[in-house]
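> Structure in structure tokens, see below.
Just so it is clear, none of the values below were taken in a lab; they were calculated from the coordinates. These numbers were taken from a predicted model, which means no experiment stands behind them. Here Cβ is always computed from backbone atoms with ideal geometry, including for glycine, and neighbour counts include all displayed protein chains.
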Amino acid sequence: MLKREVPLLITILVGWFMVIEYFFPGAEKWSSELQNWAIIMTALASVLGVANVARINMLKISRKQKDWGYSVVLMAGMILMVVLGTLFPMIKSIFGIESSWTLAGMELSGVTSGTWFTQFYDSMFVPMQGTMFALLAFYIASAAFRSFRIRSVDATLLAVAAIIVMIGRVPIGDVMWSGMSGLSDWIMNVPNLAAKRAILIGAALGAISTGLKVIMGIERNFLGGD
Amino acid sequence: MSEPTKLQKLEKIDRRWVFLVMLVAVSIPLFVSVDLPLKVTPAAQSFYDSIEALQPGDIVYYAADYDPGSKPELDPMLMATLDHLCRKDVKIVSACLWPAAPPLLEAGLNTVAVEKYGKEYGVDFVHLGFKEGKENVMVQLGKSFRDVFPQDYYGTKVEDIPLLAQKKANGEWMVDKFDDVKMIVNISAGYPGTKEWVQQVRSRYNIPIISGCTAVSAPEYYTYLRSDQLSGLLGGLSGAAEYEDLVNLPGFGIQGMAAQSLGHVAIILMILVGNILYFINSRK
């Protein structure tokens, strides 16, 4: 009962409450409270996520599994950033310490500019994540050359539309032909819009249907298998 | 089995040659000045017009929802919009729903609001930092900023921040919810971002939203633009370049247009050459 009925009852009650909010203005205060609970629970879920990452990687290190060295780097980075960004400010807050903790002229505690946390963020996180995304351009070029084959009418339409939009969205398009950006805008505003709107409305109807099934207790897959 | 022909070998060429072609294409503007004329799209024009219509002293909620992966595309938008808002003397309440976004927003505010325009933190603008909770946070912000963000990014209580501490004659806070601001400016790299702001906030609180987003998200948001659920849209680096042109503030957006133009041309050539080779080789 604790595993299925109680979670189901909570889901149904909370779900109906959030719907009722729209019809009874007095209920807004309570729904607002529920939303605040949701924010707190989402934050706690993040902590669980971090704990899970730590558990998996610590296991990998202790068993010296394949590529365990990467896990060491991950754990070292994670611990360092948590200590600088969370633990030190927490200690300072709990003990009312107002003086600076500096190393090489930079503050050790906190996440704002002028701290070691931001220094690591700017000099390591930003370039590494930027590099990962920049690599996309090269993989797209490779996929365009080696994999994108125009074998059917659908693929032809896709290729023609993609080429017009790609070239029409950058200034060189209008240098080639003055109507290129207009044609690109037309594709975005008419065929693209029609297809996207259809998908969005379809997805919204599906979400409403699933939502109703959940708060009526018909849909129970979210409770898990056993 | 017969030996593959030169064209067959070319079709299966090592992908590192393709990478090299791409590298050369995007690197050319580093060595040769390529001036290309910019044409402003109606979507970018409406984004500009929305900010231009604001009056000095108006307040906007600035949502910077991206991380360093999208920095090259979205930072030019962030800098140009902050510049435009400061130039208009608009007050800014800013926050982030992406955990890696606050330092990017802080850097933008320091560079533009503080260093360039001499704006005072807490009086002209405020940075509330990051809050986990995605759509729930968006909805709750419409009811009370201080319930969601009791402190700002620097740990100052919101009651001690002049911009958020003023009260009306009836005792209500002057700036505490979306009813108290003129517009939401969202710089978005995905989820949670523009789509969720429109779905959760636009109709519920009847507040205009303008969005600067990555190029890959833009096609989806045209739906909201055409239905006036978005009042303006900047799509990708080209959108940033158009906006920089409109606010007369040439920056990385405009500089990047030559590289992006040549990059797009390179990809189109790859598609065409790849298919020509496939067509010839499959006929043999």
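> Sort the protein assembly as shown into rounded, prolate or oblate with this rule: let a ≥ b ≥ c be the square roots of the eigenvalues of the Cα gyration tensor; rounded if a/c is under 1.5, and if a/c is not under 1.5, prolate when a/b is larger than b/c, oblate otherwise.
rounded
> Further question on the same structure: Could you work out the helix-only [θ] at 222 nm for chain B, with each DSSP H run of four or more residues adding -39,500 (n - 2.57) and the total divided by the number of residues, to the nearest 500 deg cm²/dmol?
Numbers: 12 runs with 129 residues, N = 284.
Counting only the DSSP helices, I get -13500 deg cm²/dmol.
> Given all pairs of different Cα atoms, what value in angstroms does the Kirkwood hydrodynamic radius of the stretch B:42-250 take?
Working: mean 1/r = 0.0600 Å⁻¹.
This gives a value of 16.7 Å.
> Checking the cross-link filter: which lysines have an alpha carbon closer than 25 Å to that of residue A:92, excluding same-chain neighbours under 8 positions apart?
Candidates past the 8-residue exclusion: B:131, B:157.
> Hey, another quick one. I need B:234, B:128, A:205 ordered by Cβ neighbour count within 10 Å, fewest first.
A:205, B:128, B:234
> Let me ask another. Using θ = phi - 60° and the Karplus form 6.51 cos²θ - 1.76 cosθ + 1.60, what ³J(HN,Hα) does each residue of the stretch A:90-107 get, whole Hz, x for Gly and Pro?
Per residue, the Karplus-derived 3J(HN,Hα) values read 5, 4, 5, 5, 5, 8, x, 7, 9, 6, 7, 10, 10, 9, 6, x, 10, 5 Hz.
> A follow-up question, please. Please report the antiparallel percentage of the DSSP beta bridges confined to chain B, to the nearest 5.
Rounded to the nearest five, the antiparallel share is 5 percent.
> Within chain B, which whole H helices from DSSP have a Cα span along their axis of at least 18 Å and a mean Kyte-Doolittle hydropathy of -0.5 or more, if any?
B:15-31, B:71-87, B:252-283
> Quickly work out the residue A:79-to-residue B:2 label distance, labels modelled 7 Å from Cα along the C-beta direction, and quote it in nm with one decimal.
So the label points at residue B:2 and residue A:79 sit 6.4 nm apart.
> Taking the alpha-carbon distance from residue B:167 and a cut-off under 18 Å, which aspartates and glutamates remain once sequence neighbours fewer than 8 residues away in the same chain are dropped?
Partners within reach: B:58, B:124, B:147, B:159, B:176, B:179, B:180.
> Please tell me which of these pairs span more than 22 angstrom C-alpha to C-alpha: B:88/B:143; A:196/B:39; A:29/B:177; B:143/B:195; A:213/B:134; A:196/B:177?
Result: B:88/B:143; A:196/B:39; A:213/B:134; A:196/B:177 exceed 22 Å.
> Rounded to a whole number, what is D in µm²/s for the stretch A:66-133 from Stokes-Einstein with the Kirkwood radius over alpha-carbon pairs (4 °C, 1.567 mPa s)?
Taking Rh from Cα pairs, D becomes 98 µm²/s.
> Continuing with this model, one more query. In a GNM of chain B with a 10 Å cut-off on Cα contacts, which of B:93, B:34, B:18 has the highest mean-square fluctuation?
B:18
> Still on this model: For residue B:234, list long-range residues whose amide hydrogen, built 1.01 Å from N in the peptide plane, is under 5 Å from its own amide hydrogen.
Residues meeting the amide H criterion: B:211, B:212, B:213.
> Which whole-number percent is the relative contact order of the stretch A:95-141 (Cα, under 8 Å, 6+ apart)?
With pairs under 8 Å counted, the relative contact order is 16 percent.
> While we're here: Put +1 on the Cβ of every Lys and Arg and -1 on every Asp and Glu Cβ in chain B; which of B:221, B:125, B:156 then has its Cα farthest towards the positive end of the dipole?
Farthest along the dipole direction, towards plus: B:221.
> Right, here's the next one. Using a basic spin-label model with each label point 7 Å from the Cα along Cα→Cβ, how many nm lie between residue A:140 and residue A:97?
So the label points at residue A:140 and residue A:97 sit 4.7 nm apart.
> Compare B:232, B:57, B:253 in a GNM of chain B, Cα atoms joined below 10 Å, and give the one with the largest fluctuation.
Evaluated over chain B, the most mobile residue of the options is B:57.
> Within the set of other residues whose C-beta is less than 14 Å from the C-beta of residue A:194, count the net charge using Lys and Arg as +1 and Asp and Glu as -1.
Cβ neighbours under 14 Å give a net charge of +2.
> Considering only DSSP beta bridges whose two residues both sit in the protein assembly as shown, what percent are antiparallel, to the nearest 5?
Bridges in the protein assembly as shown that DSSP calls antiparallel: roughly 15 percent.
> Also: Pick from B:151, B:55, B:229: which is most flexible by mean-square fluctuation in a GNM of chain B where alpha carbon atoms under 10 Å apart are linked?
B:55
> Which of the lysines could a cross-linker span from residue B:6 if the Cα-Cα distance has to be under 19 Å and same-chain partners fewer than 8 positions apart are dropped?
B:284
> What distance in nm separates the simple spin-label points at residue A:37 and residue A:13, each placed 7 Å from Cα in the Cβ direction?
Reported label-point gap for residue A:37 and residue A:13 is 0.7 nm.
> DSSP H helices in chain A with Cα extent of 24 Å or more along the helix axis and mean Kyte-Doolittle hydropathy at least 1.0?
Sorted by number, the helices that extend far enough and score high enough are A:126-146, A:191-215.
> Something else about it: Can you give the charge dipole size of the stretch A:1-60 about its Cα centre, rounded to the nearest 20 debye, using +1 on the beta carbon of Lys and Arg and -1 on the beta carbon of Asp and Glu?
It works out to roughly 440 debye.
> A follow-up question, please. For residue B:180 and residue A:46, what is the calculated FRET efficiency with R₀ set at 35 Å and r taken between the beta-carbons, to the nearest 0.05?
The calculated FRET efficiency here is 0.75.
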